[in-house]
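Asks: Input: one structure, supplied below.
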Amino acid sequence: MMKIAYWYMVVVGIALSSFIVLSKVDSPETLINGTWQEVEWEYEKVNYVDGKKELTITGEQKKEICSKLVIHHDPVWHFTGQNRLLKIGETGKNAEELNWNVKGRGHILELKGTEGVEDYQIVELTRDRMVLYFNFDLQIRGIIKMTFKRIG
């Protein structure tokens, strides 16, 4: 009888501890709310060209990539809790309002606008930093890594 009571207490203790820990963790939908500034674009995974590994993305490459994107144009993104994304340009003028949704197990960010849908893989999401990957069909040599910092 004593063994059963002991194991019962252990199981209840583990369940309670798990519940407390999980209730304190912020969900991706909560963490993403706020204003984010692009800090850096680089290749995360890259194919070698002429034996060289180039990770940085030049201004011309970024311009070419952005010209083919349906949605992403501005370096500042403002997420609100109503599953909307309000993009704010560098000048502070409001851009179009987009729907956003975190899919999967919190690792896919889907942006829907009037011009289409774009999906980004959420690699890192903390209170101060967000790292997104996206794959693109434009003679790109690898996966693009976009790093953001929270500015508001």
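Here, each number is a calculation from the coordinates, and none is a lab measurement. Computed from a predicted model, the values in this text were never measured in an experiment. Methodologically, a virtual Cβ is constructed for each residue, glycine included, from the backbone with ideal geometry; neighbour enumeration extends over all protein chains shown.
Asks: Whole-Hz ³J(HN,Hα) for each residue in the range 97-104, computed from phi via Karplus 6.51 cos²θ - 1.76 cosθ + 1.60 with θ = phi - 60°, x for glycine and proline: what do you get?
Replies: Result, rounded to whole Hz: 8, 10, 7, 10, 8, 9, 10, x.
Asks: OK, next. What does the charge count around Asn99 come to, taking other residues whose C-beta lies under 10 Å from its C-beta (Lys +1, Arg +1, Asp -1, Glu -1)?
Replies: Surrounding charge for Asn99 is 0.
Asks: Also, quick follow-up: Which net charge results when you count Lys and Arg as +1 and Asp and Glu as -1 among the other residues whose beta-carbon is under 13 Å from that of Val131? Walk me through the numbers on the way to the answer.
Replies: Working: positive: Arg129, Lys145, Lys149, Arg150; negative: Glu38, Glu40, Glu42, Glu44, Glu124, Asp128.
With Lys, Arg at +1 and Asp, Glu at -1, the neighbours total -2.
Asks: If you filter the range 95-124 for GluC sites (Glu not before Pro), then keep DSSP loop positions with at most 13 other Cβ within 10 Å, what is left?
Replies: Those that pass, being in a loop and sparsely packed, are Glu115.
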